[in-house]
1. Would you work out which of ILE42, GLN76, LEU141 lies farthest towards the positive end of the dipole of the chain? Charges go on Cβ: Lys and Arg +1, Asp and Glu -1.
2. Of (1) 126; (2) 153; (3) 204, which is the value of volume of the Cα convex hull per residue in Å³ derived from the coordinates here?
3. If you roll a 1.4 Å probe over the heavy atoms of the protein chains, what accessible area per residue do you get for region 73-192, in Å²?
4. Top mean-square fluctuation among LEU29, LEU179, LEU52, Gaussian network model of the chain, C-alpha springs under 10 Å?
5. Once amide H atoms are placed 1.01 Å from N in the peptide plane, what residues at a sequence separation of 5 or more from GLU30, or on another chain, have their amide H within under 5 Å of its amide H?
6. For the chain, what is the relative contact order in percent, using Cα pairs closer than 8 Å and at least 6 residues apart in sequence?
7. Which net charge results when you count Lys and Arg as +1 and Asp and Glu as -1 among the other residues whose beta-carbon is under 13 Å from that of ALA112?
8. Pick from GLY139, GLY181, GLY128: which is most flexible by mean-square fluctuation in a GNM of the chain where alpha carbon atoms under 10 Å apart are linked?
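The values are calculated or read from the model by the stated rules, or taken from the named source; none is laboratory data. Bear in mind the structure is a predicted one, so any value in this text is a computation, not a measurement. Here the Cβ positions follow ideal geometry from the backbone for every residue, glycine too, while neighbour counts run over all protein chains shown. Protein only, heavy atoms only, side chains kept; ligands, DNA and RNA dropped before computing areas. Shrake-Rupley method; radii C 1.70, N 1.55, O 1.52, S 1.80 Å.
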Amino acid sequence: ADLYRRANQLAHYLQAMGVGPEVRVGLLLERSVETIVTLLAIFRAGGAYVPLDPDYPDERLRFMVRDAGLELVVVQERLTGRLGEAAVQHIRVDTDWPEIAKERENNPPVLASAANLAYIIYTSGSSGTPKGAMVTRGGMLNCLQWMQQRYQLTAQDAFLMHTSLNFDPSVWEVFWPLLVGGRVVIAPAGML
């Protein structure tokens, strides 16, 4: 209940900043509860997320911000300097939380459809320049529903979140257990 309350508050905050269908929001977060809250909030606001891995070099992060056309990045305070001079708005999900917590806790209005963008994950760039692979909400949900029909997680199951958000398995690690009321166990980077 706390997870969804916090996600709704951030979703309302994001919508007030103009996030809605097809609006891309960067995430520059280390694996944490804030990561899960932010992912859910972006979806509830109707937007699409673009993960920016804190382990990436600064130049790659700046390239991804430019290439994806990001105007807003949700970041943890300790990571705000990583984007350099990139002209994007920041929401510091940790230090800005007192302001975010003033938002409503109810579900925000549903603005996005299955045809809208869910996320953009960038390729490794091993064959040249990294490219953003775009996935729709319907495509993501179809995959998760197939996995649930095939493997049938229950509310008693738990998934370890250990994959970078820049790889598709992270979608399964986060959203699949939440879809059935299961748990997401967050592995801190230093303990993998």
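1. The Cα lying farthest towards the positive end belongs to LEU141.
2. Checking each listed value against the structure points to (1).
3. That works out to 57 Å² for each residue.
4. Answer for the Gaussian network model of the chain: LEU179.
5. Long-range HN contacts for GLU30: GLN76.
6. Once normalised by length, the contact order is 21 percent.
7. +2
8. Ranking GLY139, GLY181, GLY128 by mean-square fluctuation puts GLY128 first.
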